[in-house]
Amino acid sequence: MSQVDKPVAVDEPAGAAGKVNLLGLSPAKLEAFFASLGEKRFRAQQVSKWIHQQGVDRFEDMTNIAKPLRAKLAEVAEIRPPELVQQYDSADGTRKWLIRVSGGSCVETVFIPDKGRGTLCVSSQVGCSLDCSFCATGKQGFQRDLTTAEIVGQLWLAAKSFGSLGPDGERVVSNVVLMGMGEPLLNFDNVVDAVNLMMDDNAYGLSKRRVTLSTSGVVPMLDELGKHTDVSLAVSLHAPNDALRDELVPINRKYPIAMLLASVKRYLDGLPDKHRRVTIEYTLIDGVNDRPEHAQQLVDLLRDVPSKINLIPFNPFSASQYRRVSNNSLYRFRDILLQAGYTATIRTTRGDDIDAACGQLAGVVNDRTRRSERHRRRSTGALEPVRFVQGETE
Ligand code: SF4
């Protein structure tokens, strides 16, 4: 064993005892950490398997690591997942966890079982700064980015709660989507490390088709993404024209639809597998974006973009005046897309009884933007109401 006293500096913030949290180190950073201890690369792989595949959080349990190295690791490092505060179980099998991160705020993580697969919806930030008008998270304001350990830790906790982490045997969590609280591309470095860990064979070994990053359209970072990972991509579009999207997804004012879709195409073109498609997420809101002409605009818009479309009926929450789309409008919208040759699915609402449905995640955010206060004052009449879009826009 090496006599190197201090490990290399890594980006993952050290814990209270000044120890490096190995849970959040990407494969390359974990190797660099072991190299700084004078250890060979395979040690990083061994320890990665213990952490991510066996769910071990104590070095003393890593029985194929020599005792002196285990002791050294215990001195300089730790495996510290975020704290599980509460688990909620829905009647439909959906499970939601409230997870406390350092600083005291909480984020939410949701597991949705479905035929032959289980999808974990993971948060990337505490709150969100983008304030999409239909989103409960956006109403809470923003506190901070999650660390890589706090992002991967959600998968670690969820998989461990089902007793299945590694690529061997049957997994309960087979898919991960970064669609929880936050805009992943605004927490770029930590998110990239997290998704690459999720796809690493010495960690969770999920295929790139089963890990999906969902963005509302931070174009410069989307252009950067392909240089660092080949994760699957979803885009929160929600409107087929700029006038409407400016209202629903305010970042559109900075990066309009044409700019966003051009960036999506560049990302897909850069992937080695030429059959990959982007998932277009479209939340349907009654009387806002659910008309046949909106569906037709969407058909025209996506003609050159390899895509599949996921229609999400809006899930009402207390701080919103929007209403859920009617079934008639929902199926009419979908049928227009199907008739135009698109793959279009309807996301069934899951976990409604535990506020785990899409767009309902709120957590407990120590809001630094004061937005939650503004929304509270609006809902009590102390401020002018938020302007809601109704009817035609073009
Ligand atoms: S929809 Fe996504 S990007 Fe928009 S406010 Fe909600 S969490 Fe943020």
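The values are calculated or read from the model by the stated rules, or taken from the named source; none is laboratory data. Because the structure is a prediction, the values reported are computed rather than measured. Cβ placement follows ideal geometry from the backbone for every residue including glycine, while neighbour counts extend to all protein chains displayed.
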Taking the condition of being part of a helix (DSSP H, G or I) and surrounded by fewer than 18 Cβ atoms within 10 Å (Cβ to Cβ), how many residues in the range 300-329 meet it?
3
Out of PRO316, PRO306, I need the residue that is at pLDDT below 95 and closer than 27 Å to VAL218 by Cα. Which one?
PRO316
Among (1) under 28 Å from GLY55 (Cβ atoms); (2) surrounded by fewer than 23 Cβ atoms within 10 Å (Cβ to Cβ), where does ASP131 come up short?
(1)
Does GLU108 satisfy the condition of being among the charged types (D, E, K, R), under 20 Å from ARG80 (Cα atoms), in contact with a Ser or Thr (Cβ under 7 Å, 6 or more places away or on another chain) and touching a residue at least 12 places away in the same chain (Cβ under 8 Å)?
yes
If LEU98 satisfies every condition in (1) farther than 19 Å from ALA234 by Cα; (2) crowded, with 19+ Cβ neighbours inside 10 Å but one, which is the exception?
(2)
Hits in the range 200-238 (condition: hydroxyl-bearing (Ser, Thr, Tyr) and within 16 Å of the ligand (Cβ to nearest atom))
THR212, SER214, THR215, SER216, SER236
Would you point out which residue out of ALA149, ALA159 is more than 16 Å from the ligand (Cβ to nearest atom), over 14 Å from VAL195 (Cα atoms) and not in a loop (DSSP other than H, G, I, E, B)?
ALA159
